[in-house]
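First up is the structure itself, then whatever we jot down about it.
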């Protein structure tokens, strides 16, 4: 009997470890497009949207879409089905690297076997009405809700702070619990600040550039600030913006944007020692835009971006240099990321105002193209003068590398564009190695490689 009881306890423990944690969604936010279950239990699916007015009506990013979140500490089975009739014969899971296998059930639903925590898009018809799936690891380091420096929002719909504004100061934590949908914006200023939880911060009640804070998550002159695990829906302007900060971590944050113009995802501005990892970013505007807005705020440097998934409806995936007048933008590492949809250059590097852009490393990027026949730049790097500059002089580019960059999907006219500006504003010491376009290695002299004037030591191998 004792052995039998031990066995039962062991089996119960294994089953408990395998049980996924499902999240709820308030009625106001429920998707009209998709429904889902995880390991046989209903899981909430929330709505998100694209192209609010005054967006130019020429743009069509696929209309309303949906997202769902849950927790898993063992392989999970996710069942998803459209609420209206859709052709499910050509469903794609993006990125292709996601640890997910798919099968169609007799009733037309999809069963997705998810091996480990990840972030992916379920797409029956490309960009049109997809379902974003955020499979989270178990929640760790949960804040003490009794701590007076912890601000908590529980499940349900809330308005954050006064008129939507939530202020965070030294040592404070904002905790959005799973199932919480908080309409608002955050302004953090101080040291040792944390924003966390599995809830949703919603910027969609506000029109373009009229949110309760200048940016949805605004960090000003912070030291040691962390943003982790939350989902941000419908930004009204730039989304996560550390300015003049030192020591910033953005981890497992999911951005469901595309609602308005200028909803940049994460913009490190004159900030140092920034880590961005395990994020999913969908935006209308640039996914990650590093800027040096003010020379007096210091350099933008020591930035790492890794293990992320990017989707940009209209602009760039990575932008470096616009609106920048810091002395240096340097020591950037981008590694092990997936780009599933894009329009403009994946990497656009355009320093001006004598700024020196140095030591930019890109490694292990997987890029999906879905714009057949179009010309699209994978890399475009050139010292530049543009409308955002106060002093109309170019900058400098040096010591950059792009390693193991692979492009797959529908065949487009992909290019690597490398140029200097003049004799004193050159592009120097740039290497592209082991890049492939649709399975074909990129070599020096290929038409896709455009190396212009005022360049030195550009290597393609």
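The values are calculated or read from the model by the stated rules, or taken from the named source; none is laboratory data. Please read these numbers as outputs of a predicted model, since none were measured by experiment. So basically every Cβ, Gly included, is an ideal-geometry build from the backbone, and we count neighbours across all protein chains shown.
Structure data summary
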{"read-out": "Identity of the residue in region 29-77, in a strand (DSSP E or B) and free of Cβ contacts under 8 Å to residues at least 24 places away in the same chain, that ends up surrounded by the most Cβ atoms within 10 Å (Cβ to Cβ)", "value": "47"}
{"read-out": "Of all residues making up region 360-383, the number that are at pLDDT 95 or above and crowded, with 18+ Cβ neighbours inside 10 Å", "value": "14"}
{"read-out": "Evaluation of residue 88 against (1) surrounded by 14 or more Cβ atoms within 10 Å (Cβ to Cβ); (2) modelled with pLDDT of 95 or more (one fails), failing number", "value": "(2)"}
{"read-out": "Tally of residues being touching a strand residue (DSSP E or B) at 6+ places or on another chain (Cβ under 6 Å), surrounded by 24 or more Cβ atoms within 10 Å (Cβ to Cβ) and not in a strand (DSSP E or B) across region 268-288", "value": "5"}
{"read-out": "Subset of region 249-267 that is surrounded by fewer than 22 Cβ atoms within 10 Å (Cβ to Cβ) and without any contact (Cβ under 8 Å) to a residue 40 or more places away in the chain - its residue that is nearest to residue 308 (Cα to Cα)", "value": "251"}
{"read-out": "Residue match in region 96-109 (condition: buried (at least 21 other Cβ atoms within 10 Å of the Cβ) and part of a strand (DSSP E or B))", "value": "no"}
{"read-out": "Exclusive hit being touching a strand residue (DSSP E or B) at 6+ places or on another chain (Cβ under 6 Å) and either in contact (Cβ under 8 Å) with a residue 12 or more places away in the chain or outside the structural domain of residue 287 (by TED's automatic domain parsing) (or both), set 405, 371, 393", "value": "405"}
{"read-out": "Condition check for residue 377: more than 24 Å from residue 293 (Cβ to Cβ) and assigned to a loop (DSSP other than H, G, I, E, B)", "value": "no"}
{"read-out": "Conditions (1) closer than 27 Å to residue 180 by Cα; (2) within 23 Å of the chain's Cα centre (by Cα); (3) modelled with pLDDT of 95 or more; number of the one not met by residue 41", "value": "(2)"}
{"read-out": "Region 1-28 - residue that is modelled with pLDDT of 50 or more and in a loop (DSSP other than H, G, I, E, B) and, of those, farthest from residue 178 (Cα to Cα)", "value": "19"}
